[in-house]
Structure formats: C-alpha cells, structure tokens
Amino acid sequence: MAAKAKGKESRKEEGQEQDTVAREIMTWKFLSLPQISALSEQNIEGVQKKLEEFLNFRQIKTSLKEAVLLDYYVSGFWWAKEMDFTHLQLSGFMGILNFLLENLSTKHITLEDNIKELGRAMAGIGESHSEKGGGLDFFSVDQAKAIISYLKISLFQHYKLYEYLFHNPREELVIGDENVVELVKPMDTLFPAPLEEGISYDMYSSFIALPPESEVETEEINQECHPEGLQPETESLDIDPMAGFTIEDVKSVLGQITNEIIGSLQTEINEKLQMEEEAYTVRIDKLKNT
C-alpha cells in the first residue's frame, strides 16, 4: 500500500511539473505553434506575407511603424530558423522579441532595465529544476548566448531609434491638396467684383451703390438746366433734354466725371501699392537678418 501511495505521489508531482512547464511556455507564446509551423514552410517573402496576416498589418505601404515592426519580426524569425530552432524554440524566441518590444513601447523601459528583464527571463537556462527559471528552459546555454548576441546587434544597438518610433510624434505627410474654386458670378452689376490685389471692397461698394453712368449724366444735366430744383412737367417729356447742349458740352461733362473717378481710384491704388511695398520690404529685411 505504501508503494502504491508513493507511486501516486510521484505521478502527481510529475503532472504538476508538466503543468508548470506548460504555463511557462504559454507566457512566452507570441505566435501559436500552428502559426510557427506555417511560417517554417515559407521562404523569406512568404514569411513576410504570413506575418502581415498574423499581426493584422493593413497599412504596410503607408505606415512607418508597421513596416519597421514587420522587418523586426521577419528578421528575427529568419535568424532563428537558420539556427535550426525547433518549433517550440521558435515560438519562445518570437515571444522574447515581442516581450522586449512591449517593454519599450508600452512600459517605456530604458535600455538598461530591458537588458535586466532579459537576464531575468533567461535565468536558470541550463540548470535542472531551477527556482529562478524564467520559463525558457527549452533553450540550451549556447542557444541563449546566441540569442543575446543577436539582440545586441538588432534591438539593443538601435534602441534609440525604436524609442523615437514609438514615443516621438511625427509630422503627417500631405499626400493630397484641396483647392477651393470660386465660380464666375452672373453679370448683374456694371462693375466686376474686386480682385485681392486691386481696389478695396469698401471702395468697390461705394461705386456699386451709385446709379448707372447714364443716370448720373442725366442728373447732372438736369441740375444745370433746372438750378432751382424744378422738374419738367409731364407734358414736356417729348422735348429732347439734350437739345440745348452741343457734343462738346457733353464730352466736357463726361470727361470731368471720368477724371474725378479715375483720379480717386488712382490715388487709392497708389496708396495700397505703397503699403504692400513697405510690407514686403519689411519681410525681406527680416529674412535677410535670420
């Protein structure tokens, strides 16, 4: 009876050890064994496509972060495959890559602390039943040394670049341009809309408010003909209001009005051009001084 009890206890202890090993392996499982098996059957291009699928990378051609991460995992897997790692060891090595990168990206761990984390994870390799084991007992001592050497020339050597990738915001590239096009308005006024480099809108509005040029001329002539403000009677509408004026008189009046309008416009335009010239001069001086 005592022998049977000892046999049951030994089998129970073996089962507990197997469960412990299984849990330790699960902690390092970044990719499942079926995924590792599928990757092992591919060439380098196939590994890249498979990892894009497994890691759910959808913007590999436009996202710098996804491109860097894909290169990180593809290079690591291919190196481990050339080291003739078993599927279990490949799974554990990919878990190490992910573990160290997660420490950097999400926990903001420094290079020194991340190296210490790697040391704790690999503690106990080569020792049987070590209490300090980090769950990577399926690696040999030589394999552990090779892994450390690879991480030294890959992640650890370029640690600052990976920190910049995850923690420094980058400017967005403008891959498109949006232009606002203003359609030509219907010609419902006698004056065109003012240009930005032309007259001001206030001046334009003052001319828009004026009556048409023919009405202005008629009003001027009526005021000269009727200085007392008397309007001709309705019965005299058939009389030509221009009968008492010669062509020279009309030309003189039109020339006077035109000169007044053009003179005021020229003055305003000259003032605005002078202001623009002074502004550009100041900007050029600032650029020379910088």
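For the peptides 37-44, 147-154, residues were scored by their other Cβ atoms within 10 Å and the scores averaged per peptide; the highest-first order is 147-154, 37-44. Carbon and sulfur atoms: what percent of the 1.4 Å accessible area of region 53-109 do they account for? Carbon-and-sulfur percentage of accessible area, whole number: 51.
Overall, the anisotropy analysis places region 38-135 in the oblate class: the square-rooted eigenvalues a ≥ b ≥ c of its C-alpha gyration tensor yield a/c not less than 1.5, with a/b not exceeding b/c.
The values are calculated or read from the model by the stated rules, or taken from the named source; none is laboratory data. On a predicted model such as this, the values are computed, not experimentally measured, just so you know. In this analysis, Cβ positions are derived from the backbone assuming ideal geometry, glycine residues included, and neighbour counts consider all displayed protein chains. Ligands, DNA and RNA are stripped out before the accessible areas are found, and what is left, the full protein with its side chains, is counted by its heavy atoms. Shrake-Rupley method; radii C 1.70, N 1.55, O 1.52, S 1.80 Å.
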